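The structure appears below as structure tokens.
Coordinate-derived values only; no laboratory data. These numbers come from a predicted model, not from an experiment. In this analysis, Cβ positions are derived from the backbone assuming ideal geometry, glycine residues included, and neighbour counts consider all displayed protein chains.
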């Protein structure tokens, strides 16, 4: 079976736009800025044999504030320039669908299609919804803590400052997935 690192997009791969302490996708499309060390971190994950799969909620499409085509242009650019195997986007608003995080539907679907062993895989996100989706799928989770003005994830998770730091823990220090990790969660 294959191992994967699932990644949120805004705040993990690219810089999020912060409004009143909450993260939002960059606007317009031309303002996307890849975070420092992300290209190298993704290359290291690929070299270590992981699939890299971005799982992102993009409810602004359903809300009519951005087009699906604009989002897909960004995703195409990301896949052309970064070591990303696949990007899975939920374009729905609300919690009715199974692919919208915190539900694990997108991760479970990718696991079925690519024979991914979720117990040996990881989720890296910057919001509680990312961590909850990873936990519900059976992955070991990393929370990039930007101190947003919103709830924190429930343990267990490992608190990190960047994708590069999560990659160090996954690859450099040989973290074994789905085992109890030092939980640094909480308020």
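Observations on the model:
- Restricting attention to region 42-71 and to residues that are assigned to a helix (DSSP H, G or I) and farther than 26 Å from residue 2 by Cα, the residue that is nearest to the chain's Cα centre (by Cα) turns out to be 71.
Yes/no matrix, rows are residues, columns are (1) in contact with a helix residue (DSSP H, G or I) (Cβ under 6 Å, 6 or more places away or on another chain); (2) in contact (Cβ under 8 Å) with a residue 60 or more places away in the chain:
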site	(1), (2)
39	no, no
60	no, no
70	yes, no
91	yes, no
97	no, no
103	no, no
112	no, no
115	no, yes
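- Scope region 129-151; condition surrounded by 14 or more Cβ atoms within 10 Å (Cβ to Cβ) and out of contact with any strand residue (DSSP E or B) (no Cβ under 8 Å at 6 or more places or on another chain); matching residues: 132, 136, 138
- Region 1-41: number of residues that are surrounded by 19 or more Cβ atoms within 10 Å (Cβ to Cβ) and part of a loop (DSSP other than H, G, I, E, B): 7
- Tally of residues being surrounded by 13 or more Cβ atoms within 10 Å (Cβ to Cβ) and over 13 Å from the mean Cα position of the chain (by Cα) across region 86-98: 5
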